Amino acid sequence: QGIHIITVSRDRTICVPASEVWRLLREFSDISWAGEMGRVECEGSGVGMIRRIFVTEESPAEERLDALDDNNMSFDYSVLRGLPMPVKNYTAKVSVSHLDSSKSLVAWNGSMDADGVTDKEAEAIVGGFYDMLLEKLESYFMASSS
């Protein structure tokens, strides 16, 4: 079985202006909106910066910001090591689109190789993770608006 790339995409309409959602998501060093994901340490700033998410103390997930595009409200990142999912060669793009003055569409698109599981299992695990992140993002805005 040769290596082939899996792509996983999830999106969610959030009842918040796109500019507000982007202001939060563009800060690669800040994932406080995602709830308790673990301690975060950053090295550098802007494109090329590294963030380490200590879900467990011994093996943090190490992610690199590969692109940041304010005009198109998107950023790309890759996981260098420590991804707590059975995939490798993981890269993703997160984008925010303006739907109307009070709504935006947030999309999470990743590509990766399954690692020790079937492609279908990897897709289900990563898709579930994206769904959780989008739900936490929406909850963050719902909580801050009430």
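A few remarks follow.
- Estimated [θ] at 222 nm from DSSP helical runs (n ≥ 4, -39500 (n - 2.57)) normalised by residues in the chain, nearest 500: -8000 deg cm²/dmol
- The candidates Ser111, Ser102, arranged from most to least accessible area with a 1.4 Å probe in the full protein assembly, appear as Ser102, Ser111.
- Relative contact order for the stretch 63-146, counting Cα pairs under 8 Å that sit 6 or more residues apart, in percent: 20 percent
- Annotation: Lys93 carries an accessible surface of approximately 80 Å², with a 1.4 Å probe and no ligand, DNA or RNA atoms counted.
- Dipole magnitude for the stretch 57-145: computed about the Cα centre from +1 point charges on Lys and Arg Cβ and -1 point charges on Asp and Glu Cβ, it is near 140 debye.
- Here the 3J(HN,Hα) profile of the stretch 91-105, calculated from phi with Karplus coefficients 6.51, -1.76 and 1.60 at θ = phi - 60°, is 9, 8, 10, 10, 9, 10, 10, 7, 9, 7, 4, 10, 9, 9, 10 Hz, Gly and Pro shown as x.
- Max mean-square fluctuation residue, GNM over the chain, Cα-Cα springs under 10 Å, options Asn109, Asn89, Asn71: Asn71
- Each of Leu80, Val55, Ser29 was placed along the dipole of the chain (beta-carbon charges, centred on the mean Cα), and the one lying farthest toward the positive end is Ser29.
- Rg to Rh, two decimals, where the stretch 36-98 supplies the alpha carbon set and Rh follows Kirkwood: 1.00
- D (Stokes-Einstein, µm²/s), Kirkwood Cα radius, the stretch 37-146, 0.692 mPa s at 37 °C: 214 µm²/s
- GNM top mover of Gly46, Gly110, Gly35 - the chain, alpha-carbon springs below 10 Å: Gly35
- Cut-off under 5 Å, modelled amide H: who pairs with Met49 long-range: Leu65
- In the chain, Cα pairs under 8 Å separated by at least six residues give a relative contact order of 29 percent.
- Whole-Å distance, taken between Cα centres, linking the stretch 61-138 and the stretch 2-41: 7 Å
- Within-12-Å neighbourhood charge of Lys136 [Cβ basis; K, R +1; D, E -1]: -3
- The stretch 29-39 - phi-based ³J(HN,Hα) in whole Hz, Karplus 6.51/-1.76/1.60, Gly and Pro as x: 7, 10, 10, 4, 4, 7, x, 7, 9, x, 5
The values are calculated or read from the model by the stated rules, or taken from the named source; none is laboratory data. The model shown is predicted, which means the values in this text are computed figures rather than measured ones. In this analysis, Cβ positions are derived from the backbone assuming ideal geometry, glycine residues included, and neighbour counts consider all displayed protein chains. Accessible surface is based on the protein model in full, side chains and every heavy atom, while ligands, DNA and RNA are left aside. Shrake-Rupley method; radii C 1.70, N 1.55, O 1.52, S 1.80 Å.
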